[in-house]
Structure formats: C-alpha cells, structure tokens
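Take a look at the structure below.
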Amino acid sequence: MIQHKSKLFEYDKQLTEKGYASYSTTGINPSGRSKYIKLIKTAFKQEDFDLGIDVDKPWEEIEMQDYFQIEYLFVGKLLENPPNPISNDKVGFNIYQEDKFGKQEFQSQNILNLTVIIDK
C-alpha cells in the first residue's frame, strides 16, 4: 500500500486497477456524468488521486438540484478516522470505509469509497 500525500489514507493502485478491469458497470447516468468528467479528471490530478480508479465506471451517481454526486470504490485503508474532507475550488471529496460493497469485485477486505461532490 502507498500512503496518499494527504496522509488520510493508503491505497493499492494495482488491485484497484485489476478490480476495475473486471468491473463491468458504467454507472446509471452516463449522460449526466459526461458533463462533469473533465472536471473530475482535473480534480483527481490536482489532488494526486492516481489511485487506479476508472472514472468511467462509478459505483453510484446521484444528480440533485444543486449538485452532482458520484462515488468510486478503491482498495485502501483509512489512516485517520473519520478523515477530513478534501476540497478544491470546484470539487469536494469525502473518503470513508466501505463495509458493504466492493470486496468481491476488488478481491480485498480493504475497500474505500471516494465520493465526489460537484456544485452545479
């Protein structure tokens, strides 16, 4: 596992990439997500979220009146519990331990959920 620069969590990029390679969903709202994909990719680069996540394969998406929320799973462990949210000028990130989903897809007991929140 590699410690993220925020020191909030550590992650396993290779296991995450392997999980996404076998994970077949493309989310429930690809048309809604397409409006935000460039912003998400830019924010991932800014926050050094090169975690092995395939941004085109979200776990869940929710489009609300004021914001768009998209969730990704990845293999990792929290180092600070609960972790502080990470945000920049356009995107907010919440990271928390995922206890119910992803263990089979990513073949690990250590699954984290990265929730991206974008104001409309």
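The values are calculated or read from the model by the stated rules, or taken from the named source; none is laboratory data. Just so we're clear, the structure is a prediction, and the values are computed from it rather than from any experiment. For neighbour counting, all protein chains shown are included, and Cβ atoms are generated from backbone atoms with ideal geometry for every residue, glycine included. Just so you know, the surface numbers come from the protein's heavy atoms only, side chains and all, with ligands and any DNA or RNA stripped out. Shrake-Rupley method; radii C 1.70, N 1.55, O 1.52, S 1.80 Å.
Check the range 61-78 and report whether any residue there is aromatic (Phe, Trp, Tyr), at pLDDT 90 or above and in contact with a Phe, Trp or Tyr (Cβ under 7 Å, 6 or more places away or on another chain).
Within the range 61-78, one or more residues are aromatic (Phe, Trp, Tyr), at pLDDT 90 or above and in contact with a Phe, Trp or Tyr (Cβ under 7 Å, 6 or more places away or on another chain).
Restricting the search to the range 47-62, which residues are crowded, with 16+ Cβ neighbours inside 10 Å, touching a residue at least 24 places away in the same chain (Cβ under 8 Å) and on the phi < 0 side of the Ramachandran plot?
Glu47, Phe49, Leu51, Ile53, Lys57, Pro58, Trp59, Glu60, Glu61
For every residue, the table says whether it meets (1) free of Cβ contacts under 8 Å to residues at least 60 places away in the same chain; (2) closer than 22 Å to Gln14 by Cβ; (3) among the charged types (D, E, K, R).
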{"position": "Leu79", "(1), (2), (3)": "no, yes, no"}
{"position": "Pro85", "(1), (2), (3)": "yes, no, no"}
{"position": "Val91", "(1), (2), (3)": "yes, no, no"}
{"position": "Ile95", "(1), (2), (3)": "no, yes, no"}
{"position": "Phe101", "(1), (2), (3)": "yes, yes, no"}
{"position": "Gln104", "(1), (2), (3)": "yes, yes, no"}
{"position": "Leu114", "(1), (2), (3)": "no, yes, no"}
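Would you check if Tyr67 is of a type in the set (Phe, Trp, Tyr) and open to solvent by less than 30 Å² (accessible area, probe 1.4 Å)?
Here the answer is no, as Tyr67 does not meet what is asked.
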